[in-house]
Structure formats: structure tokens, C-alpha cells
Amino acid sequence: MFLIMKIDKKYIINDLNNLSSKLPLSIEIIDADNVDVVEYGIILTKDYGQILFGSIDNKICYLGFVVGNSVNEAVDKLCKRWEYAQFIRDDRKISTIFKNVFNDMNIMDIVLSGTKFQINVWKSLCLIPEGEVTTYGLIAKYLKNELAVRAVGTAIGNNPISILIPCHRVIKSNREIGNYLWGRDVKFKILKLETKNISH
């Protein structure tokens with residue numbers, strides 16, 4: 001039987017306009033074609049299992065999950081985003097960067113490459129506080145393009161930096177948690193860690 005995962009409606013944010021990002025992020029927009037080297041590593045975490053973490057000049061460019069222990073598949077997703085770059089695996093260095101990101105309250109430097117619309121969608125996700133969610137439609141409304149719900153969903157699905165750019169906090173208007181690049185089970189797990197308000 002298919003499991004329907006829903007969020008209690010009282011935790012849904014209905015207006016993003018009065019919110020400001022609480023995430024200590026410094027975002028740099030770059031051209032993917034001009035990236036020479038991407039360093040990456042596989043990190044084993046207590047809450048999420050294996051994570052693939054990517055860095056350009058010590059700035060975060062990718063954070064994804066290794067689903068079903070398929071490291072090669074996870075690395076392929078990273079490589080497709082920076083197809084002209086050289087990729088260097090350095091688990092030790094990446095582990096240090098990763099620990100600094102999650103254990104330090106200093107500003108986190110991230111780099112993004114995408115269309116103007118994608119960048120605007122990803123930035124809007126940073127407005128959603130931990131423990132709360134919003135909908136694809138409300139993101140489109142915030143961007144003053146209410147007819148672009150499907151395009152918003154596509155942009156969210158292409159978010160390269162999970163958790164830090166919290167695409168998992170966007171759900172369907174019927175309160176179902178919706179799809180997720182790394183699978184609904186992963187999305188459910190993240191939301192469950194952030195809030196205890198998921199019902200079946």
C-alpha cells in the first residue's frame with residue numbers, strides 16, 4: 001500500500017513576504033563552464049547515512065545523498081552539474097569542510113550555477129524556517145508568478161545543495177510531502193528530524 005505522508009496544516013507558512021533568511025549563507029553565482037576543479041568526498045553521517053559533498057575553492061557547491069549505497073550514481077549527479085571540471089576525491093579534506101559547515105555558526109560560502117529563475121527559487125527556499133514548510137504554489141506566488149508552479153517544482157528538483165538550501169521544506173498544496181530528488185523516504189526522514197508533526 002502506498003504511504004501518504006502529510007504535514008499538519010498549522011505548520012504550513014502561507015506568506016513568505018515577511019520572512020528573512022535565518023541561514024548564514026553567502027551565495028556566489030558562477031558560470032559552470034568556467035569551473036576548473038571540483039573537489040568532493042563521501043561522508044558518513046549519523047542522521048542521513050552517506051552524503052556526497054562537493055566544493056569549489058573551499059566553497060560549497062553540492063550536497064546530496066548516496067541512496068542505496070550507489071556511490072557511482074551519486075557522483076554522476078555531481079559531475080553532470082559541472083561537466084567541464086576536473087573532479088578530485090579527497091574525503092579527508094571534504095570531511096573537514098563539512099564539519100566546519102555544520103559545527104560552526106560562521107557564514108557558509110556556497111556557489112550556485114543556474115538560470116535566473118532557478119537562482120530566485122533556490123534563494124526563496126532559504127526563507128523557510130526549520131520545522132516549517134510551504135507549498136510549491138506559495139513559492140510561485142512569492143516570486144510573483146503564480147502560473148509557474150510546475151516550473152518552481154522543476155527548479156526545486158534541481159537544487160544542488162540539499163539541507164542547506166532546504167528544498168525538502170516544500171510540499172504539495174494538499175499537504176502531501178511530494179517528490180524529492182533522492183526519494184520521498186529521504187525527504188520524510190529529514191522532515192521528521194526537523195519536526196515531529198508528520199502524520200500518516
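Working only within region 190-200, note down all residues that are assigned to a loop (DSSP other than H, G, I, E, B) and not hydroxyl-bearing (Ser, Thr, Tyr). Show your work before the answer.
We begin by selecting, within region 190-200, every residue assigned to a loop (DSSP other than H, G, I, E, B); these are 195-197, 200.
Result: LYS196, ASN197, HIS200.
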query: Of everything in region 105-121 that's surrounded by 15 or more Cβ atoms within 10 Å (Cβ to Cβ) and of a type outside the set (Val, Ile, Thr), which residue is nearest to ALA155 (Cα to Cα)?
result: GLN118
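Provide a single number: the residues in region 146-178 that are outside any loop (DSSP other than H, G, I, E, B) and basic (Lys, Arg).
Filtering region 146-178 down to residues outside any loop (DSSP other than H, G, I, E, B) leaves 149-157, 161, 167-171, 176.
Pick out the ones that are also basic (Lys, Arg) and you get 150, 169.
Total satisfying the criteria: 2.
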Those residues of region 66-82 which are within 24 Å of ASP31 (Cα to Cα) and outside any helix (DSSP H, G or I), in sequence order: TRP82
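This table checks each residue for (1) among the polar types (S, T, N, Q); (2) farther than 17 Å from TYR48 by Cα; (3) assigned to a loop (DSSP other than H, G, I, E, B).
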{"residue": "GLY114", "(1), (2), (3)": "no, yes, yes"}
{"residue": "PHE117", "(1), (2), (3)": "no, yes, no"}
{"residue": "LYS144", "(1), (2), (3)": "no, yes, yes"}
{"residue": "PHE188", "(1), (2), (3)": "no, no, no"}
- request: For region 83-104, name all the residues that are among the charged types (D, E, K, R), part of a helix (DSSP H, G or I) and surrounded by 12 or more Cβ atoms within 10 Å (Cβ to Cβ).
  value: ASP91, LYS93
Given (1) closer than 17 Å to LEU164 by Cβ; (2) of a type in the set (D, E, K, R); (3) free of Cβ contacts under 8 Å to residues at least 24 places away in the same chain, number of the condition LYS59 does not satisfy: (3)
- prompt: Within region 86-111, can you find the residues that are modelled with pLDDT of 95 or more and hydrophobic (A, V, I, L, M, F, W, C)?
  reply: PHE87, ILE88
task: Tell me, please, whether a residue that is assigned to a strand (DSSP E or B), modelled with pLDDT under 90 and either basic (Lys, Arg) or in contact with a strand residue (DSSP E or B) (Cβ under 6 Å, 6 or more places away or on another chain) (or both) can be found in region 12-23.
output: yes
field: Matching residues, region 152-200, being surrounded by fewer than 17 Cβ atoms within 10 Å (Cβ to Cβ), among the small types (Gly, Ala, Ser) and modelled with pLDDT of 90 or more
entry: GLY157
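The values are calculated or read from the model by the stated rules, or taken from the named source; none is laboratory data. Predicted, not measured: the structure shown is a model, and the values here were computed from it. Positions of Cβ are backbone-derived with ideal geometry, glycine not excepted, and every protein chain shown enters the neighbour counts.
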